[in-house]
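Below is one structure, written out as structure tokens; comments come after it.
Derivation of every value follows stated rules applied to the coordinates shown; laboratory data play no part. Quantities reported herein were computed from a predicted structural model and do not represent experimental measurements. Quick reminder, even Gly has a Cβ in these numbers, built from the backbone with ideal geometry, and neighbours come from all protein chains shown.
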Amino acid sequence: MTLKATFNTAVQGMNAQSQHLSNISTNIANVNTNAYKVQRTSFQTLLNHVTPVSQNSFFTAQTVDTREVDRQGIITTTNRVLDLAIDGRGFFVTNTNSDGTGEWRYTRDGALLGQSVELTTDTDANNQTDQGALLVSGSGGYVFGWAADENGNFVTENNLNALVPISINSDSVFPSRATTSIALQANVSAEPSGRQSVGLPFIDANGVSRTLTLGFNATTSATWTLDASSEDTNFQPVPVSITPPTVEFSPTGRLAQPSNGQLAVTINDATGPQVVTVDISGVTQFSDNGALTVHNITQDGYIEGRLIQTYFDSTGTLYGSYSNQGRRALFKLPIATFAAPNSLEAKSGNTFTRTPEAGELKLNNLNSNPNVAEVIVGSLETSNVDLADQFTKMIVTQRAYSSSATVLRTADEMTQQARDLKR
């Protein structure tokens, strides 16, 4: 190798170490960046040709940068409901535009935020468009997912076109449900004095809370005749029928008839009949003070509810909780995976885009693919930078750079000596 080649080798060595130091400084600067993936510098030999003659060829060094995207960072607890960490493989899916026409980007930074937006719907029928929030990532990308149907079910296609921006509709309502069954747990006195009754709350077909009054009238020591009544929203009586009209208790005070413990009650409203099954299998006849004692009443209807809270679960499903105790799934986060995630192209904001080298995109539903990952709610993934390792590499890089500089300086001195030989 000639002195000229030595100059080239030394300069390229210094350039390579400079690149290494640049990556080290970037890693150290992002040690506290959520889900940042360390950039690793590798060195390879590079064959240079001064002339076409092979004996004048020489080797130097070049750098190859790779990002350790597939290495998990430590997960720390934040207790913030919109902080999500992926424990396992994959990325959240975002787009630079809220309508999905921008660039698709993938990130593991789950520090999500709500961006206020006026929606195009009028869910509560108040002649005003709904108010809500679009979920965005820390880099400002809009978070996309699968939308649930009205029953809370998902069609999870492996297709970016099947995704929609995740929005939280603050005006969302949970529709009312008419009561179809009521369960009564009570005790009628074995020493009755006249009629004993209990008010059973129910929800009618219009979502209004009303009361069904069930009366017990003793005919013998163990037999009771039943009656039922109700009023409409204008407090006017409505016809009510009940089958069977009598009940019997065993000598031990347990319900004997009807044997299945079920009463069929039909409330004949102006809007049509409403049939309610009343379960009285929990009604007993024990000695008491002459009054009916209620232990518990449950029914399966509910009035219309307003959205009061949203939350994610470990499968990335976003649920809404409503004021009527209702709950339903709203959206589901797909977890995007690639065959070679380290080959993704890094973008600003701690995001990545797909490259041909990374392989095909797969959108995973964690309910059907639980081995891919788990979403940890109220937590964030920290960077996978090992600070001690970076400082160690910095020292080695500094020495290598200094050594290349020494080679360059020595070659320069030798060149000067060769030049001075002509004098």
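A few notes on this one:
- Sum of side-chain charges, G110 neighbourhood, beta-carbon under 13 Å (Lys, Arg +1; Asp, Glu -1): -3
- Coupling constants for the range 268-285 follow from the phi torsions by the Karplus curve (6.51 cos²θ - 1.76 cosθ + 1.60, θ = phi - 60°), and in residue order they are 8, 7, 5, 7, x, x, 10, 9, 10, 8, 9, 8, 10, 5, x, 8, 10, 10 Hz; glycine and proline get x.
- Cα long-axis angle, helix 3-29 against the chain (0 to 90 degrees, to the nearest 10): 20 degrees
- GNM on the chain, alpha-carbon springs under 10 angstrom: the most fluctuating residue among S18, S287, S209 is S287.
- Calculated [222 nm] ellipticity per residue, helices only, for the chain: -5000 deg cm²/dmol; basis is -39500 (n - 2.57) per DSSP H run with n ≥ 4, divided by all residues, nearest 500.
- When the inverse distances between all different Cα atoms of the chain are averaged and flipped, the Kirkwood radius reads 28.1 angstrom.
- For a modelled paramagnetic label at S281, 7 Å from Cα along Cα-to-Cβ, the residues of the range 173-216 in reach, with backbone nitrogen under 15 Å, are 181-186.
- Checking every one of the chymotrypsin sites (Phe, Trp or Tyr not before Pro) in the range 171-236 against DSSP loop status and a limit of 13 other Cβ atoms within 10 Å picks out F235.
- Euclidean distance between Cα centres, the range 180-253 to the range 351-423, Å: 78 Å
- Kirkwood hydrodynamic radius (C-alpha pairs) into Stokes-Einstein, the range 181-299, 20 °C and 1.002 mPa s, D in µm²/s: 147 µm²/s
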